[in-house]
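Asks: Sending over a structure as structure tokens; questions will come in a sec.
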Amino acid sequence: MFQRLLLTASVILLPALPAHAHLDPVAHGSFAAGFTHPVFGLDHVLVMVAVGLWAFTLGGRALLLVPAAFVATMVLGFGLAVAGLPLPFVEPVIAASVVGLGLLVAMAVRLPVGPGAALVAVFALFHGHAHGGEIGSAGELGYAAGFVLATALLHAGGLLLGWAIGTLLGAGSQTGLRVSRALGAVVAVVGLGILAG
């Protein structure tokens, strides 16, 4: 079952890898351009949903603190880009973050809240820098508000996915754990495809 789920999801998601369309801020406004930047990037979507799913598996304070660490550090990365301060290897680190977050979920890695938040924050810095690097003619505040809201919603989607798996398949059940781990494995495989692309 695990192998079939992994193969099916990979076949569905891999053709979507090249799709990177973003709205023009002149035509659609800065907020919409910022909101769609993470939503239209498969790499961003997978990482942000995986952060929420992993936070759910950690439970407790991680439910809030792990996604919050991602969002806060992402804003810092955005600020660095807008200020013209470069970060090396932004795109490779973003691709590696897809693999890394997928593996954290797939291997059901249990970390204390602090190290878990710090780990996702490292990846978030690069995601934020990418957002800032593609701001174009958008206004900084509206654009930032858009991608922060989109990111928070994607994290919430990952948390909701974890809750749904636990509710439908039984919290802490082996079946629920296998499904979560399979989803993490799919994310990691897609991340490898992004890295190779």
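The values are calculated or read from the model by the stated rules, or taken from the named source; none is laboratory data. This structure is a prediction, so every number in the text was calculated from the model and none was measured. Cβ placement follows ideal geometry from the backbone for every residue including glycine, while neighbour counts extend to all protein chains displayed.
Asks: State all residues of segment 169-197 that are in a helix (DSSP H, G or I) and in contact with a Pro (Cβ under 8 Å, 6 or more places away or on another chain); if no residue qualifies, say none.
Replies: Leu195
Asks: Right, here's the next one. For segment 90-118, what are the residues that are over 18 Å from Arg181 (Cβ atoms) and among the hydrophobic types (A, V, I, L, M, F, W, C)?
Replies: Across segment 90-118, the qualifying residues are Val90, Val93, Ile94, Ala95, Ala96, Val113, Ala117, Ala118.
Asks: Got a number for residues in segment 74-90 being in a helix (DSSP H, G or I) and more than 10 Å from His129 (Cα to Cα)?
Replies: 0
Asks: Same structure again: Can you tell me which residues in segment 149-193 are farther than 26 Å from Leu65 by Cβ and surrounded by 22 or more Cβ atoms within 10 Å (Cβ to Cβ)?
Replies: Val190 - this is the single residue of segment 149-193 that is farther than 26 Å from Leu65 by Cβ and surrounded by 22 or more Cβ atoms within 10 Å (Cβ to Cβ).
Asks: Does Ala118 count as part of a helix (DSSP H, G or I) and either touching a strand residue (DSSP E or B) at 6+ places or on another chain (Cβ under 8 Å) or of a type outside the set (D, E, K, R) (or both)?
Replies: So Ala118 passes the test.
Asks: When you check His37 against the structure, is it in a helix (DSSP H, G or I), at pLDDT below 90 and crowded, with 22+ Cβ neighbours inside 10 Å, yes or no?
Replies: yes
Asks: While we're looking at this one, here's another question. Looking at Ser180, is it of a type in the set (Ser, Thr, Tyr) and in contact (Cβ under 8 Å) with a residue 40 or more places away in the chain?
Replies: yes
Asks: Let me ask something else about it. Given (1) of a type outside the set (D, E, K, R); (2) within 16 Å of Val47 (Cβ to Cβ); (3) surrounded by 14 or more Cβ atoms within 10 Å (Cβ to Cβ); (4) out of contact with any Asp or Glu (no Cβ under 9 Å at 6 or more places or on another chain), identify the lone condition not met by Gly146.
Replies: Going through the list (1) of a type outside the set (D, E, K, R); (2) within 16 Å of Val47 (Cβ to Cβ); (3) surrounded by 14 or more Cβ atoms within 10 Å (Cβ to Cβ); (4) out of contact with any Asp or Glu (no Cβ under 9 Å at 6 or more places or on another chain), Gly146 breaks only (2).
Asks: Right, Ala124: touching a helix residue (DSSP H, G or I) at 6+ places or on another chain (Cβ under 8 Å), in a helix (DSSP H, G or I) and either under 30 Å from Pro86 (Cβ atoms) or at pLDDT 90 or above (or both) or not?
Replies: So Ala124 fits the description; yes.
Asks: Looking only at segment 39-63, which residues are touching a Pro at 6+ places or on another chain (Cβ under 6 Å) and over 14 Å from Leu159 (Cβ atoms)?
Replies: His44
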